[in-house]
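The values are calculated or read from the model by the stated rules, or taken from the named source; none is laboratory data. Everything numeric in this text was worked out from a predicted model, so none of it was measured. Glycine also receives a Cβ, built like all others from the backbone with ideal geometry; neighbour counts cover every protein chain displayed.
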Amino acid sequence: MSVSVLPVLYTFRRCPYAMRARLALRQAGVAVHAREIQLRAKPAALLQASPKGTVPVLVLPDGRVLEQSLDIMRWALAQNDPAGWLGAAPLSEQLAWIERNDGPFKRLLDRYKYPQRLQPPDAPEAMFAAALALQLQPMEAALQHHAFLCGPRCGLADMALLPFVRQFAAVDPEAFSAAPVPALQAWLQRLLATALFEAVMEKLPVWDESSIAG
């Protein structure tokens, strides 16, 4: 594993887990060497750092490796949290949203987005309805009362869930637009339009592992 003055972030632009890590790192002002990879051709350096071979992976200058997106978010915000994402609401409340997102909602999202992976394939309408009941309607109820999931301030939960709601909405934009979740739709559009989100979605060239520099 090469030694770097800056942390090294292995990432993939469209991965929602990598998005949330990049959001927190950028918000915290933590400079990194970002290495955009191809999931179908994972570089040896990534697998050496993290044999699980998924992104994001953050390799710190002292050799520590953070392999989970939420761990990367919390590490970055522990360095600097200028907008108070961690303290926007009790951490237990924010983590409850994230746990439901990363568990049952993510499983529904995968079945909704990739129905062909199952035999027989799931009906998209059924998966949409299940996701609506499980996650989107509870989010709508919260956002009817305040601008963000846990109160008037944007928090860790909002930014951790944003990439996944974005991915869900993109599967069938017409169905999402027609869903009875206007507050959620407004929340999504508001966060997607921020300079922060636009910055972390900048396209990077695929990292060349033969390159000496980060």
>> Among (1) outside any helix (DSSP H, G or I); (2) assigned by TED's automatic domain parsing to the domain that holds Leu95; (3) loosely packed, with under 15 Cβ neighbours inside 10 Å, there is one condition Ala170 misses while meeting the rest; what is its number?
In response: (1)
> For residues in segment 1-48 being in a helix (DSSP H, G or I) and in contact with a strand residue (DSSP E or B) (Cβ under 6 Å, 6 or more places away or on another chain), which is surrounded by the most Cβ atoms within 10 Å (Cβ to Cβ)?
Replying inline: Ala18
> Restricting the search to segment 125-165, which residues are out of contact with any helix residue (DSSP H, G or I) (no Cβ under 6 Å at 6 or more places or on another chain), at pLDDT below 95 and of a type in the set (A, V, I, L, M)?
Replying inline: Ala126
>> Is it the case, given these coordinates, that Arg100 is surrounded by 14 or more Cβ atoms within 10 Å (Cβ to Cβ) and free of Cβ contacts under 8 Å to residues at least 60 places away in the same chain?
In response: yes
> Which ranges mark the helices (runs of 4 or more DSSP H) fully within segment 96-158 that have 3 or more residues being in the same structural domain as Gln185 (by TED's automatic domain parsing) and more than 13 Å from Leu184 (Cα to Cα)?
Replying inline: 106-113, 124-131
